[in-house]
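Comments concern the structure below.
The values are calculated or read from the model by the stated rules, or taken from the named source; none is laboratory data. Computed from a predicted model, the values in this text were never measured in an experiment. Cβ coordinates were reconstructed from backbone atoms using ideal geometry, including for glycine residues, and neighbour counts include every protein chain displayed. Side chains are part of the model used for accessible areas, which takes the heavy atoms of the whole protein and leaves out ligands, DNA and RNA. Shrake-Rupley method; radii C 1.70, N 1.55, O 1.52, S 1.80 Å.
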Amino acid sequence: MTHRHLPLALAAAFLPACFAQSAPAPAEKPITAIPYSPSLDLADMDRTADPCVDFYQYVCGGWMKNNPIPPDQAAWDVYAKLSDENRQFLWAILEEDAKLGKRTPAQQRVGDYYAACMDTDAINARGIAPLQPELDRIAALQDRQQLAAFLRDGANQRGLYFLGAGAEPDPKNAGMMIVGVEVGGLGLPDRDYYTKTDAKSQDTRQHYVAYMAHLLVLAGEPQAQADQDAAATMKIETALATASLTRVERRDPYKTYHPMKIDAVDAMIPSLELGAYLNQEHVPAAVLANVDVAQPKFLEALQTELATEPLDSIKAYLRIHALNAASASLSSNFEDARFDFYSKYMRGVPQMPARWKRCEGQIDRALGEALGQEFVARTFSPDTKQKVLVMTQQIEQSMQQEIENLDWMSPATKQAAVAKLHLVYNKIGYPDKWRDYSMLAIERNDYFGNVMRAHAFEEKRNWAKVGKPVDKNDWYMSPPTVNAYYDPSMNTINFPAGVLQPPLYDSKEDDAPNYGDTGGTIGHELTHGFDDEGRQFDGQGNLRDWWTPADARGFEDRINCQRDQYANYVIVDDIHINSKLTSGEDVADLGGTLLAYLAWKKQTAGMSLESKDGFTPDQRFFIGYAQWACENNRPENLRVSAVTNPHSPGKYRVNGIVSDLPQFQQAFACKAGQPMVSAKACKIW
Ligand SMILES: [Zn+2]
């Protein structure tokens, strides 16, 4: 999946564990209306800057000055600010749902999950007790046979230790869901943290080992033993990291596609008994003949670890990973430890988010479509849905014209590209059919149990998909989410209601800023179907090469122009953008902005558009487009982003794009030689 923004679910994995040790910022309160900010805001600008020298400063200088990063955030941007406002809006709903009385089943689940999560006295009184049974089972393991049984039994209801497995569309037959086996097992955000030798990476590893030892001490282990166990775990994780593909390698879908029979998987990693595990999950036998192993080398390395590391080391690993996974759901000392490492040290966040915010985030993940129904009913109008649908169709038409006019592509490839374009499935706002949570029991006095039951519910829901046709109406984001995504295996673009509000989509504004902003996002997601990764899938979502070799070379030449351009940009200190990691997003930004511009021109053809606030209509299109990207970021967080985030920083998502667009340069009368006029003028779509 490729997103307009760093997906919240991923961000949340490293921004966990808040506790009410810090008072909420004064501005935060439950709200019943989301504050309005226009999609083109003059106050966000810095009109002393020269748009042809630094357009980002010109459109976002005021925003950056007026929107310092709140103490509980790693970064702050237009999307994050709107997300935070959505959260305060949802907070009011949660408070209401938590009141006992006449409630719908959905309101009971949401309200009781919230009430249980907010009861920190009860949570702190229980301490580590909820996790103790699992820790005891690990402690009781006496040999490798018992270890295999423990791993196979899915003792950890969150899924497997060491790796991830679940349903995925078959890359070669995308209509059907099969079993995919993914890598996992690491506590640091990327495999590169284990392999890089610079001073900062070494320091990060030392802090991580200290964090792991701290978790064990909190669980009752003596410090000396905990240090030894943390070191043993680090050794195992380093072996797994070394055998894992880099993020750039993983962008090649052929490198992560290895279909095999389950017997072959079991032969590769007999210590895991994956076949027996899948049987327990009721995966149909026919499906087991075609399991997609993303990284066979990783499984081989894992087998070596499971077979040769001392049993005590493996048990230490299991204890630490059980504690780490549960730390956000245990008493405050565990949450503090987790926050101090992942948020404070790794990302420079000074203060934990308030408890209600952490609870809201959990409910969004556990019961997102139950809470989301209430959000949609209160915020999302059929008018917006209709307008966005029309905009999407116009942008698709612009893309078709662009494809047909390309001077470097053969008619055969053009025809295949247009065929794929016509099969894109648009999802706007919320699911046609809401998820059924009736099998998920939520209890008002059992917080940890709720967390585990919600995980188990998701696991079960996921395994129920295998062996069945793909359900294109399944969403991977909840309706209030301020984000969007393209899914190459389903060939769908997905816009939750949360991203279709001011200041991103603004029904009070005219077309120019709306086509710039929301149109740009639609164009961005659509272009993902034709970026370096997405172009390798056809309209059905199958991994299939529909390009002539010459056209594929033509594409690569053009994308390399943009990779060279972005490799020059500095993220923080001396760290440059890894433009092979970001190129899919950079292509989507460039194509998306142009497609939105062309669609806007068509939409307004024949109308006499007026200047406003001293800006021409074309200038207002580009200002509206760029203001989505205004941001402030902590240097520590930028360092993590440089390794893990496939998106370039906001500054380059604006300046990098406009410097390639002649339409922008005409609008602001920029001259050759100025920074916002790239001599190369890269263009892909
Ligand atoms: Zn994207």
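Taking all protein chains as they are arranged and a probe of 1.4 Å, the heavy atoms of residue 214 leave approximately 80 Å² accessible to solvent. Largest to smallest in accessible area, the residues 335, 404 fall in the order 404, 335 (1.4 Å probe, all protein chains included).
Among the helices of the chain, those built from whole DSSP H runs whose Cα atoms reach 27 Å or more along their own axis and whose mean Kyte-Doolittle hydropathy is at least -0.5 are 78-97, 199-218, 223-242, 579-603. Among the listed pairs 172/683; 612/671; 651/683; 200/315, which have their C-alpha atoms separated by more than 27 angstrom in this model? The answer is 172/683; 200/315. P(r) for segment 61-199, from all Cα pairs and a bin width of 10 Å, is 8, 17, 23, 33, 16, 3, 0 %, short bins first.
For residue 587, the solvent-accessible surface with a 1.4 Å probe is about 0 Å², rounded to the nearest 10.
Each listed q (0.14, 0.23 Å⁻¹) maps to a log10 I(q)/I(0) for segment 380-473 from the Debye sum over equal C-alpha point scatterers, namely -0.80, -1.12. Taking all protein chains as shown and a probe of 1.4 angstrom, residue 83 keeps an accessible surface of around 10 Å². Straight-line cross-link reach from residue 427 at under 16 Å between alpha-carbon atoms covers these lysines, not counting any fewer than eight positions away in the same chain: 385, 387, 472. Extension gain, residue 602 to residue 300: 0.36 nm times the residue separation minus the Cα-Cα distance gives 103.2 nm. Once the C-beta distance of residue 468 and residue 139 is scaled by a Förster radius of 30 Å, the resulting FRET efficiency is 0.15 to the nearest 0.05. Potential lengthening of the chain between residue 425 and residue 439 amounts to 2.1 nm, from the contour at 0.36 nm per residue minus the alpha-carbon distance.
For the pair segment 378-399 and segment 305-363, the centres of their Cα atoms are 41 angstrom apart. Simple spin-label estimate for residue 289 and residue 569 gives 4.9 nm between the two label positions (7 Å along the Cα-to-Cβ direction from each Cα).
Between segment 545-582 and segment 170-207, the alpha-carbon centres lie 22 Å apart.
Looking at the square roots a ≥ b ≥ c of the eigenvalues of the Cα gyration tensor of segment 115-177, which shape do they give, rounded for a/c under 1.5, prolate if a/b is larger than b/c, or oblate? Walk me through the intermediate numbers first.
Details: a/c = 5.37, a/b = 1.39, b/c = 3.86.
It is oblate, given that a/c is not under 1.5 and a/b is not larger than b/c.
Here the dipole of segment 542-685 is about 240 debye; that uses its Cα centre as origin and unit charges on the Cβ of Lys and Arg (positive) and Asp and Glu (negative).
Would segment 202-326 count as rounded, prolate or oblate if I go by the C-alpha gyration tensor, calling it rounded below 1.5 in a/c and otherwise prolate when a/b exceeds b/c, oblate otherwise?
Because a/c hits 1.5 or more and a/b exceeds b/c, segment 202-326 counts as prolate.
With N as its number of residues, segment 239-297 has a Cα radius of gyration that, divided by 2.2 N^0.38 Å, comes to 1.24. Take the alpha carbon gyration tensor of segment 591-685, find the square roots of its eigenvalues, order them as a ≥ b ≥ c, and report rounded if a/c is under 1.5; if not, report prolate when a/b exceeds b/c, else oblate. Note, shape of segment 591-685 comes out prolate. If you plug the beta carbon distance of residue 103 and residue 461 into 1/(1 + (r/R0)^6) with R0 = 30 Å, you get a FRET efficiency near 0.80. Taking amide H atoms as placed 1.01 Å from N in the peptide plane, the amide H of residue 485 lies under 5 Å from those of 494, each 5 or more residues away in sequence or on another chain.
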